[in-house]
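Note sheet for the following structure.
FYI, it's all coordinate maths here, none of it is from the lab. The model shown is predicted, which means the values in this text are computed figures rather than measured ones. No Cβ is skipped: glycine too gets one built from the backbone with ideal geometry, and neighbour counts run over all protein chains shown.
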Amino acid sequence: MNSSSTVESSDSLKAFGAALKTLRERALLTQEQLAERLNYSYASVASVEQGRRMPTAQFVERAEETLEAFGVLRAMVRHVGRQRGLAVWFREWAQLEETAVSLCTYECRVVPGLLQTEAYTRAVMLNVPPPPTTEQLEQRIAARQARQELLRRTPLIAFSFIIEESVLLRHTGSEDVTQELIDHLLACTELWNVELQIMPLRQPHHAGPDGPMRLLETPERQWLGYSEGQKTGQLISDREAVSVMQMRYAKMRSQALSPADSAELLQRMRGTS
């Protein structure tokens, strides 16, 4: 997702948070107690109540059951400005991600949003003109962090990431930001549903010169594609076009370093970053 995305705030998100707080207080629960029962962090519950974070479908279902909300939260979330902090053109794809079975991402510009640290996200967003306001920046960071819950969503999504080595060698932000980012990427490689591959700097045979791409498998086993450029994004559903993207992605998986070799490269970069 582009870092300079056009975003809009959401009063409906604040209304959902207020309703959640009211139901929690009716149940005589603190935020900490509710977080424990939902198996979410205290920070996540607080962010949702404050209207700063979009609740995931799993969060809504658990809150419905725990707070005996009689369908109120399910009804409200359908009217929430779902992707607060996300670009208008990215929202449909972000919604599809929530129920995806598989997600494949190739990036040659920045580390994919699902794998970013907060410091890296902040550095990327502050580097791209026009500069965001403080409120816009915090909204975008919160939206990106909320999306990262997908990595541990139940049922688990099968993730495949291919990242160009040059993206990491750029050292966006600072040496410290890069160090933290690499540590985070190594931690993500330990998740059994995440496969991370690095495309080496020197690779004479490369199937991805047309730029970044994403592929997604729906619960109905339909594959969709997504392509993004400057201030634009395109959801691709044409079977022939998606098939071409799948062939290219499969070729790049064979051209990139293996997951084990990619982790080894990250370890070496960690020692010199």
* **Translational D in µm²/s for the range 88-272 (Stokes-Einstein at 25 °C, 0.890 mPa s, Kirkwood Rh from C-alpha pairs)** => 144 µm²/s
* To do: Would you mind working out the magnitude of the charge dipole of the range 105-170 relative to its Cα centre, with +1 at each Lys and Arg C-beta and -1 at each Asp and Glu C-beta, to the nearest 20 Debye?
  => 100 debye
* Structure fact -> So the FRET efficiency between Ser166 and Ala187, C-beta based with R0 = 25 Å and rounded to 0.05, is 0.70
* Structure fact -> Here the longest stretch of the chain that holds no GluC sites (Glu not before Pro) in a DSSP loop having at most 15 other beta carbon atoms within 10 Å is 69-189
* To do: Quick one: dipole size for the chain, taken about the Cα centre, charges +1 on Lys/Arg Cβ and -1 on Asp/Glu Cβ, in debye to the nearest 20.
  => 360 debye
* Asked: Hey, rough spin-label estimate for Leu235 and Glu61, points 7 angstrom out along Cα→Cβ, what's it come to in nanometres?
  -> 2.1 nm
* Other-chain or far-sequence residues with amide H under 5 Å of Gly51's (modelled H) -> Gly17
* Asked: Hey, if you put +1 on the Cβ of every Lys and Arg and -1 on every Asp and Glu Cβ in the chain, which of Ser47, Leu151, Leu257 ends up farthest toward the positive end of that dipole?
  -> Ser47
